[in-house]
Amino acid sequence: MAAVEGIVIAGAGLAGLATALGLHRKGVRSLVLESSATLRASGYAFTTWTNAFRALDALGVGDKIREHHLLYERLVAFSASTGEAAAKLSLKMQGKSGPHEVRCVKRNFLLETLEKELPEGTIRYSSKIVAIEEEEGKVKLLHMADGSTIRANVLVGCDGVNSVVAKWLGLPKPILSGRSATRGMAEYPDGHGFGPEILQFIGQGFRSGVLPCSDTSVYWNYTWYPSRKDDGDAEESVAKMRQHVLTKLKGAKIPAEALDVIERSEMSDVVSSPLRFRSPLALVRGSISRGNVCVAGDAFHPMTPELGQGGCAALEDGVVLARCLGEAFVGAGNDGGHACVKAALERYAQERRWRAIRLVTAAYVVGFVQQSSNPAIKFLREKFLSGLLARVMVDMADFDCGKL
């Protein structure tokens, strides 16, 4: 019979690596099982808001990320119909937990930074969990895709929107939002000329953003309501998807420098992805943890990207979960036994449930308003809602998950 692993984390994404690193900082070993052969850096980059940097600082890697990524000073939302700025918001402001801090961080750089801080052998690649079975003594028997098994005292599901662990907990499948997204990264070896700002283009059924990561790299994203009539064969290749996006944007009032970012960018072989979210009602009622099993990151709270909070919330999860589990394994009378672990995961679930519900709900509402073609909503959006929505993004980031 195989030896029992203490804490097994399914998935080496942001939530999984943050949890593993947080536990390592607390002196607790974990094993991370990643289904792919290497770290997965799909998505190119993500907006890293104030709350994410609080989490990264707690993990001890915040300054390593800051050194390589631009600090934004403002957010400007333009109307895609008129080309005029519908909202301007300074990001140089004080929040409840200190000054706001927003950057667009390259996903592969962040994942590699987290990985390098972990002890060698923490991550086991090409290790996909396909089924979970409960043995006597509450130990979980994990059946792997290669036919092997692993026994775990604690199982943390950070295995994404199609999470096997979330399914075992009984959480319903994420819901299709009706919107899709594509994205890319453009490199400018001699400098791109963009200022330290987030540029958004909103209206005509789409939302697009241009975000410089550094002096030489610019990330862009584009979300829309797909239809067979409008999209044609865009899904067939990267080139056709790029042309589809450019055609849509050229039909709106989008500046030439923003179009150039898309024209020169590298795009993923996965040309687009449907945007899914977990129903807030499912998060109210569902089991985030049960016994010695829990979920974090997209396995817990998949959300649409309008707030830029999916990755940020995953980092928050990692810090809170490591703190709670660390207390179950370290300290007087805490031996990592089932009762200690169960109580720790219940504290984690209690602390994270309503934060996740607020983020998922706000992201969906912001996306609906930003991309609605309804004449009344369009009028209100261009007159005053754009400023309100931008403010919601900043307010949701004004959060501190605490120390380890």
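The values are calculated or read from the model by the stated rules, or taken from the named source; none is laboratory data. Worth saying up front: this structure is predicted, and the values here are computed from it rather than measured. Cβ placement follows ideal geometry from the backbone for every residue including glycine, while neighbour counts extend to all protein chains displayed. Heads up: the accessible areas ignore ligands, DNA and RNA and are worked out on the full protein's heavy atoms, side chains in. Shrake-Rupley method; radii C 1.70, N 1.55, O 1.52, S 1.80 Å.
Based on the Kirkwood radius over alpha-carbon pairs, what value in µm²/s does the Stokes-Einstein equation return for the translational diffusion coefficient of the range 215-372 at 4 °C and 1.567 mPa s? Before the final figure, lay out the partial values.
Values: Rh = 18.6 Å.
In µm²/s, the coefficient is 70.
What is the local net charge at Gln370, summed over the other residues whose Cβ is closer than 13 Å to its Cβ (Lys, Arg +1; Asp, Glu -1)? List each step's numbers first, then the result.
Numbers: positive: Arg179, Arg207, Lys378, Arg381; negative: Glu306, Glu382.
Residues close to Gln370 contribute a combined charge of +2.
Just the ratio, please: alpha-carbon radius of gyration of the range 55-118 over 2.2 N^0.38 Å, N its number of residues. Mind showing how you got there, number by number?
Working: Rg = 15.5 Å, N = 64, 2.2 N^0.38 = 10.7 Å.
For the range 55-118, the normalised Cα radius of gyration comes out at 1.45.
Compute the signed sum of charges (Lys and Arg +1, Asp and Glu -1) over the other residues within less than 13 Å, Cβ to Cβ, of Ile175. Write down the numbers at each step before the final one.
Working: positive: Lys173, Arg179, Arg276, Arg278; negative: none.
Counting the neighbours of Ile175, the net charge comes to +4.
Just to confirm a number: summing +1 for Lys and Arg and -1 for Asp and Glu over residues other than Phe384 whose beta-carbon lies under 14 angstrom from that of Phe384, what do you get? Could you put the intermediate results ahead of the total?
Numbers: positive: Lys88, Lys378, Arg381, Lys383, Arg391; negative: Glu84, Glu382.
Spelling it out: positives minus negatives among the neighbours equals +3.
Taking the highest mean first, how do the peptides 143-150, 31-38 order by number of other beta carbon atoms within 10 angstrom per residue? Spell out each step's value before the answer.
Values: 143-150: 12.9, 31-38: 17.9.
The packing order, highest mean first, is 31-38, 143-150.
Taking the Cα centre of the range 314-404 as the origin and placing charges on Cβ (Lys, Arg +1; Asp, Glu -1), which of Val341, Leu380, Val320 is farthest toward the positive end of the dipole?
Value: Leu380.
Note down the Stokes-Einstein diffusion coefficient of the range 252-301 in µm²/s, whole number, using a Kirkwood radius over alpha carbon pairs, 20 °C, and 1.002 mPa s. Walk me through the numbers before you get to the answer.
Details: Rh = 15.0 Å.
The Stokes-Einstein estimate is 143 µm²/s.
What full-extension length gain, to one decimal in nm, is calculated for Glu346 and Leu141 as 0.36 nm per residue of separation minus the Cα-Cα distance? Display every interim value, and only then the final one.
Working: separation 205, 0.36 × 205 = 73.80 nm, distance 2.14 nm.
Difference between extended and current length: 71.7 nm.
Just reorder Ile175, Ile123 by solvent-accessible area, largest first, 1.4 Å probe, all chains present. Please report the intermediate quantities before stating the final value.
On the way: Ile175 70, Ile123 30 Å².
So the residues, ranked largest to smallest area, are Ile175, Ile123.
Could you tell me which GluC sites (Glu not before Pro) in the range 85-186 are loop residues by DSSP with no more than 12 other beta carbons within 10 angstrom of their beta carbon? Don't skip to the end; give the middle numbers.
Numbers: sites: Glu101, Glu112, Glu115, Glu117, Glu120, Glu133, Glu134, Glu135, Glu136; in loops: Glu101, Glu117, Glu120, Glu135.
Here the GluC sites (Glu not before Pro) that fit, given the DSSP loop and packing criteria, are Glu120, Glu135.
Rounded to the nearest angstrom and ordered from largest down, what semi-axes does the equivalent ellipsoid of the range 194-290 get from its C-alpha gyration tensor (root of 5λ)? Mind dumping the intermediate values first?
Details: eigenvalues 158, 75, 39 Å².
Semi-axes from the Cα gyration tensor: 28, 19, 14 Å.
Cβ neighbours within 10 Å, averaged per peptide: list 80-90, 178-188 in order, most packed at the top. Walk me through the numbers on the way to the answer.
On the way: 80-90: 15.6, 178-188: 19.6.
Highest mean packing first, the order is 178-188, 80-90.
When the Kirkwood hydrodynamic radius is evaluated over all pairs of different C-alpha atoms of the range 355-404, what value in angstrom, to one decimal, is obtained? Walk me through the numbers before you get to the answer.
Numbers: mean 1/r = 0.0828 Å⁻¹.
So the Kirkwood estimate lands at 12.1 Å.
Of the options Leu89, Gly121, Tyr72, report the single residue whose Cα projects farthest towards the positive end of the charge dipole of the range 30-131 (beta-carbon charges: Lys, Arg +1; Asp, Glu -1).
Result: Leu89.
Taking 20 Å as the cut-off for C-alpha to C-alpha distance, list the pairs among Lys106/Lys248; Lys253/Lys383; Lys92/Lys383 that go past it.
Numbers: Lys106/Lys248 26 Å; Lys253/Lys383 17 Å; Lys92/Lys383 24 Å.
Over 20 Å apart, Cα to Cα: Lys106/Lys248; Lys92/Lys383.
Over 10 Å intervals from 0, what percent of Cα-Cα pairs in the range 181-243 sits in each interval?
That works out to 20, 43, 28, 9, 0, in percent per bin.
Taking 45 Å as R0, compute the FRET efficiency from the Cβ-Cβ separation of Glu120 and Ile175 and round it to 0.05.
On the way: r = 40 Å, r/R0 = 0.89.
So the FRET efficiency works out to roughly 0.70.
Based on the Cβ-Cβ distance of Arg285 and Ala339, what FRET efficiency does E = 1/(1 + (r/R0)^6) give at R0 = 25 Å, to the nearest 0.05? All intermediate terms of the calculation are to be shown ahead of the outcome.
Values: r = 25 Å, r/R0 = 0.99.
My answer for the efficiency is 0.50.
Calculate I(q)/I(0) for the range 1-96 by the Debye formula, one identical point scatterer on each C-alpha and no solvent, and give its log10 at q = 0.13, 0.16, 0.25 Å⁻¹ to two decimals.
Listed by q, the Debye log ratios stand at -0.68, -0.88, -1.36.
By a straight-distance test (C-alpha under 19 Å), which aspartates and glutamates pair with Lys140 as possible cross-link partners, with residues fewer than eight away in the same chain excluded?
The qualifying aspartates and glutamates are Glu5, Glu34, Asp159, Asp335, Glu346.
Tell me what the chain gives for mean residue ellipticity at 222 nm when only DSSP H runs of n ≥ 4 count, each as -39,500 (n - 2.57), the sum divided by the residue total, rounded to 500 deg cm²/dmol.
Working: 13 runs with 146 residues, N = 404.
So the calculated ellipticity at 222 nm is -11000 deg cm²/dmol.
May I ask you to compute the full-extension gain from Ser97 to Leu380, defined as 0.36 nm times their residue separation minus their alpha-carbon distance, rounded to one decimal in nm? Don't jump to the answer; show the numbers that get you there.
Numbers: separation 283, 0.36 × 283 = 101.88 nm, distance 3.18 nm.
Roughly 98.7 nm would be gained on extension.
At a 1.4 Å probe, what is the % contribution of carbon and sulfur to the accessible area of the chain?
Numbers: 8700 of 16800 Å².
With neighbouring chains kept in place, the figure for the chain is 52 percent.
Tell me, what are the semi-axes, in whole angstrom and largest first, of the equivalent ellipsoid of the range 88-216 as set by the roots of 5 times the Cα gyration tensor eigenvalues?
Numbers: eigenvalues 313, 84, 58 Å².
Sorted largest first and rounded, they come to 40, 21, 17 Å.
Ratio of Rg to Rh for the chain, alpha carbon only, Kirkwood?
That ratio equals 0.98.
Could you do me a favour and compute the accessible area per residue for the chain, 1.4 Å probe, result in Å²?
Values: 16800 Å² over 404 residues.
Accessible surface, normalised per residue, equals 42 Å².
Order Phe379, Phe46, most accessible first, counting only protein heavy atoms with a 1.4 angstrom probe. Display every interim value, and only then the final one.
Details: Phe379 125, Phe46 30 Å².
Result of the area sort, largest leading: Phe379, Phe46.
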